[in-house]
2 protein chains.
Amino acid sequence: MPQYKAPLRDMQFVLHELLNAEQHYANLPAFKDNVSRELVDQYLDAAADFCENELSPLNQVGDREGCQWNDGEVTTPTGFKEAYQKYIELGFPSLAVPEQHGGQGLPSSLATTISEMVGAANWAWGMYPGLSHGAVRTIEHHGSDEQKAIYLPKLVTGEWTGTMCLTESHAGSDLGIIRTKAEPNDDGSYSITGEKIFISAGEHDMAENIIHIVLARLPGAPKGTKGISLFIVPKFNVAADGTLLDRNGVRCGSIEHKMGIHGNATCVINFDNAKGYLIGPENRGLHCMFTFMNTARIGTAVQGLSASESSFQGALAYAKDRLAMRSLSGPKFPEKAADPIIVHPAVRNMLLTQKAFAEGGRALVYLLSQYADIVEYGSTEEERKFADNILSLLTPIAKAFLTETGSEAAKHGVQVFGGHGFISEHGMEQIVRDTRISCLYEGTTEIQALDLLGRKVLQTQGAMLRDFTKIIHKFVEANKDNADMKAFIEPLAALNKEWGDLTMQIGMRAMQNPDEVGAAAVDYLYFAGYVTLAYLWARMALVAQQKLAEGTAETEFYKAKISTANFYFKKILPRVRSHVDVIAGGLEPLMELDAEHFAF
Amino acid sequence: MPQYKAPLRDMQFVLHELLNAEQHYANLPAFKDNVSRELVDQYLDAAADFCENELSPLNQVGDREGCQWNDGEVTTPTGFKEAYQKYIELGFPSLAVPEQHGGQGLPSSLATTISEMVGAANWAWGMYPGLSHGAVRTIEHHGSDEQKAIYLPKLVTGEWTGTMCLTESHAGSDLGIIRTKAEPNDDGSYSITGEKIFISAGEHDMAENIIHIVLARLPGAPKGTKGISLFIVPKFNVAADGTLLDRNGVRCGSIEHKMGIHGNATCVINFDNAKGYLIGPENRGLHCMFTFMNTARIGTAVQGLSASESSFQGALAYAKDRLAMRSLSGPKFPEKAADPIIVHPAVRNMLLTQKAFAEGGRALVYLLSQYADIVEYGSTEEERKFADNILSLLTPIAKAFLTETGSEAAKHGVQVFGGHGFISEHGMEQIVRDTRISCLYEGTTEIQALDLLGRKVLQTQGAMLRDFTKIIHKFVEANKDNADMKAFIEPLAALNKEWGDLTMQIGMRAMQNPDEVGAAAVDYLYFAGYVTLAYLWARMALVAQQKLAEGTAETEFYKAKISTANFYFKKILPRVRSHVDVIAGGLEPLMELDAEHFAF
């Protein structure tokens, strides 16, 4: 059975050495006095202990048992409920909630590091508290004082959980066509009727109440996305003082049988004249919900990072242990029956790919979570706006690129194990199955790509992109005379320039035909992802070089960083070339065939 | 539930229009008088009917129910046994077995087309008869007359099935270290003792006897691969007249819980002083088994092709039906709530990728099966030798490239469905799980890559490769003045030349350090795969252009071929650029880290 080990040393490298977390917190008035390195490390240690010892052992249990549906009730796998109780006792749910709402008022970037560990140890479990987060944020920012008073306290402690009910069977990415109805009642509440699907953690036995945040249409609402409102719909109705009343007209009709994340209940939720409460203005539901789109998408990017990390851990242990064949350059362990497979370059290539995606992905996710801190708590409007731009640009990249690379890493994990990778007991194939959903929910890779190229880059006439390429440019300029950095700086500088040129080229085409955006978007996203990670790997190499120059007891740790950066630049980054060439192929080869002529 | 539809029109295009199957059979004395187009088409129709109506409906049943192990006995999923009886009644098992062994004496290339349909309809089921094939061929070619008389008749009819027992828990790719022992008995038989794992179809309830072909070591055998012998070990001992006797010391200890192919029993088989019979010379077991390595590997390549085809069929139907969002270039179906997703370039890109891999893969597999016919039945030694060279070169390419592209196609199938792709009932995620094994068994992608670059290309000093690049060169020369072919011929000519240059470059490096072969092999294999498929797509485009020029009632079919070729050259083939650049990165970035410094 695979045992997750929190990569604390690397997490600290990214937090403290790459991203100067202490300085980052010191710059934010909300955290200046209450977030020290000691505090951060204490939380990391506590979370690592919980993830390694409570959640990781339940990961295969959850996959094997799955959730059981019985007449509207859902039973979670053995141990899930008890682990959730411990999680509440440890205070994790309230960590990043502001103090005025009963939380601990700590930065969400700290919560993100904990999410990584939870996700790598047991993603399916982590979705139960994870989904609550969205409900809390929605009520916190858009709820009335009364709604906050009623729903927040127990959501914040984790005694209740929350969901986000968006999707209907005919409407996924295209929320404009949802049909769930909200009819006003005389008492100011609404009667919600409709069927929602794919509701993660929509029903379970881990908490005494579940607060659903539901998208629905008011009578006579405008068609499309501008006629959607947002409602709070509790499973059990709640009195003003927070005590539970009768059961509301909310019922789990069934749970899905699916490829992975078996431990999490993916529910069909039927609302049958359920009592709901409007949250935020009428017809502005999507707007309210999109406030947290970036956060939710970074949360999904974490799943990709988690898959890279956990599949790397499994594959590395196996590659050092498993004996097969001899190194082509002669036996490395002649006393053994064969060499451990880590001697083979193809195996090393897979391990280093996983490692480069895990550590590079960690840097990207933690960086974004710092920008998210600034968006919320930055001292000046200018600072917040700038962070919001960078965050908006990098979020679809992180979501799509890290989940796709996480899937690739998971595949390598299976492949390193050979035939044994296909066998459930080793845990590698579960990662492939669990992480596949990350490329689908919260907007597929293709949707993220359109968001990046269409909305973020082209609709801003490149302004958002330039904010980021300027950051890379500054880094390049600052280090261009550093001989040790040459192997990183030269290709990064060239690609940073090419990013702009490529954007121009696509923008010109798109003026002729907007479908050119759809034709280029996915390859553009990969290009952006590889270049973004190249920038972060170059920065990590620089930090490591500086540490080595200063003198350190951890020589091998820093040398490994530089080696991995070297691997990334020589063996991963060249992938951009194909994406550029495919983009050059344009729209025409995709549109020649009529829909009826794809098959005969 | 997905319903498989045999792509008969495309199969006929490849067989008859691209590969001139009639002429091919007319050239082989064994088939000259007994294989007509009518006969081929009759078999295709009968197999299509069986696969569509018997096997396809059992595909999800098999996945859901899996196999049940109970005290050594294995029960296959509902309907599997009955379908197998029909398969026997239809005479499919004996199709490609020579008449002197009780078969129908038809070409194995014809059997391959049927395998494709069986595999696409229900791969897990198809492995039961599929594994028998290896046992039949082994006995046919290496068995004594007595062994043939005892075992072949009922294996050929399909009344008995067969297995290949190679792998042990510590020995997969590295068969040289297997431990199963064979002790000689006084009566000329052997006592076989040991444990084999991953034995597909190793135990089941579909046939009255199972004939295991087992690798084991004789007492005092030389170490490594040169000390392995091959044995026939029946589940039930068999009298000279073929009647069943007592149960042999062969027992299924358990079956594996695995990612996919749940309908096929993957068995641990314990041999406990089981009675076995030496087949072929002592210590030449691997040699005997490797006789059919190419056939088995092409059989696995078929799995990749099948996954591309079945995932394409599922995704295409959904993409035409599912409504979401509007085309970026304006609504295409303004009367509907949204446009069908096939209007979106990113969706088309995934569908065309699946289509290009399915149809290109079909061309490659069928081409190889013709070479396999010639290796076995060619009139001259020269002809047979040449075919064997091409087959040896292209087999690892077909096995690894088509299974990896099949996995990619399966992934696109899920992605086209969005969140619904993750749900079991739609059948798309099953394809991902079922086909993942194809990249692992019969030698992983990494092993195939070493076989290609190391054994086939470099060890022959490029001779085998030149045989094939000359074929491409001839095709290029013959069509270089055809203006309609320019878009295909020019890049193909350039890549064909580059293939040689790339090989030289790696060969030079490998002289310095043999590990350079391991570092380059996987990317080299992808390069070879993309170029090989480019050659076949160019040939298919040429055939289509000729048909259109001649005049045809099937204009749209041939235009779709040319469009798909165009898509392949513009949107898939550029992937070679990254593989070339990654190869240029060499070995060094892979070897810097000590095994102990991959993680801290």
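Highest mean packing first, where packing is the average number of other Cβ atoms within 10 Å per residue, the peptides B:286-295, B:405-414, A:171-180 line up as B:405-414, A:171-180, B:286-295. B:GLY500 label point (Cα plus 7 Å toward Cβ) to equivalent points in the other copies: 4.3 nm, shortest first.
Karplus-derived 3J(HN,Hα) values for the range A:258-269, using 6.51 cos²θ - 1.76 cosθ + 1.60 with θ = phi - 60°, are 9, 5, x, 5, 4, x, 9, 7, 9, 10, 8, 10 Hz; glycine and proline are entered as x.
The phi torsions of the range B:182-188, fed into the Karplus equation with coefficients 6.51, -1.76 and 1.60 and a -60° offset, translate into couplings of 10, 9, x, 9, 5, 8, x Hz, rounded to whole numbers, with Gly and Pro shown as x. Once the C-beta distance of B:ARG179 and B:SER424 is scaled by a Förster radius of 41 Å, the resulting FRET efficiency is 0.55 to the nearest 0.05. Given R0 = 41 Å, the distance between the Cβ atoms of A:ASP594 and A:THR225 translates into a calculated FRET efficiency of 0.85.
In nanometers and ordered shortest first, the copy-to-copy spacing of the B:ILE471 label point, defined 7 Å from Cα toward Cβ, is 5.2.
Within the same chain, lysines fewer than 8 places from B:LYS399 are excluded, and of the rest, those with a Cα less than 19 Å from its Cα are A:LYS411, B:LYS355, B:LYS411, B:LYS456. Let me know the shape class of the range A:159-284, please: from the alpha-carbon gyration tensor, a ≥ b ≥ c as square roots of the eigenvalues, rounded when a/c is under 1.5, otherwise prolate if a/b is greater than b/c, or oblate. It is oblate, given that a/c is not under 1.5 and a/b is not larger than b/c. Evaluate the distance, in nm, between pseudo-label points positioned 7 Å from the Cα of A:LYS336 and of B:ARG247 along their respective Cα→Cβ axes. Label-label distance for A:LYS336 and B:ARG247, simple model: 3.9 nm.
Computed on the Cα trace of the range A:340-461, the radius of gyration divided by the Kirkwood hydrodynamic radius gives Rg/Rh = 1.10. For chain B, hydrophobic long helices are taken as DSSP H runs at least 27 Å long by C-alpha position along their axis with mean Kyte-Doolittle hydropathy of 0.5 or more; these are B:515-550. Rounded to whole Å, the principal axis extents of the Cα atoms in chain A read 79, 66, 59, largest first.
Placing a pseudo-label 7 Å from each Cα along the Cα-to-Cβ vector at B:LYS470 and A:GLU82 gives an inter-label distance of 7.2 nm.
In units of the rule-of-thumb radius 2.2 N^0.38 Å, the range B:8-142 shows an alpha carbon radius of gyration of 1.15. For the range A:585-600, backbone phi angles converted through the Karplus equation (6.51, -1.76, 1.60; θ = phi - 60°) give residue-by-residue couplings of x, x, 7, 3, x, 8, 10, 4, 7, 5, 3, 6, 10, 6, 8, 10 Hz, Gly and Pro being listed as x.
Neighbouring Cβ atoms from other chains, within 10 Å of the Cβ of residues in B:572-580, number 6 on average. For A:GLN3, the point set 7 Å out from Cα toward Cβ sits 5.3 nm from its twins in the other copies, listed from shortest up. Using C-alpha pairs under 8 Å with a sequence gap of at least 6, the mean separation divided by the residue count of chain A gives a relative contact order of 12 percent.
Name the aspartates and glutamates eligible as straight-distance cross-link partners of B:LYS547: C-alpha to C-alpha under 12 Å, and not fewer than 8 places from it in the same chain. List returned: B:GLU17, B:GLU556.
Can you check what the net charge comes to around A:GLN12, using other residues whose Cβ is under 12 Å from the Cβ of A:GLN12 (Lys, Arg +1; Asp, Glu -1)? Charge balance in the 12 Å sphere: -3. The slack in the chain from A:ASN34 to A:LYS486, taken as 0.36 nm per residue of separation less the alpha-carbon distance, amounts to 158.7 nm.
Rounded, prolate or oblate: which fits the protein assembly as shown, taking a ≥ b ≥ c as square roots of the Cα gyration tensor eigenvalues, rounded meaning a/c under 1.5, else prolate when a/b beats b/c? Prolate shape, in that a/c is at least 1.5 and a/b is the bigger ratio. For the segment B:333-340, counting C-beta atoms of other chains within 10 Å of every residue's C-beta and taking the mean gives 2. Amide H contacts under 5 Å for A:ASN209: A:THR161, restricted to partners 5 or more places along the chain or on a different chain, H placed in the peptide plane at 1.01 Å from N. For chain A, the share of DSSP beta bridges that are antiparallel, to the nearest 5, is 80%. Taking a ≥ b ≥ c as the square roots of the eigenvalues of the Cα gyration tensor, the range B:389-513 is classed as oblate, since a/c reaches at least 1.5 and a/b does not exceed b/c. Modelled spin-label separation between A:ASP41 and B:ASN513, with each label point placed 7 Å from Cα along the Cα-to-Cβ direction: 3.8 nm.
Bear in mind these aren't lab numbers, they're just calculated from the coordinates by the rules spelled out. Note that the coordinates shown come from a computational prediction; the quantities given were computed from them, not determined experimentally. Note that each Cβ is placed from the backbone with ideal geometry, even for glycine, and that neighbours are counted across all protein chains shown.
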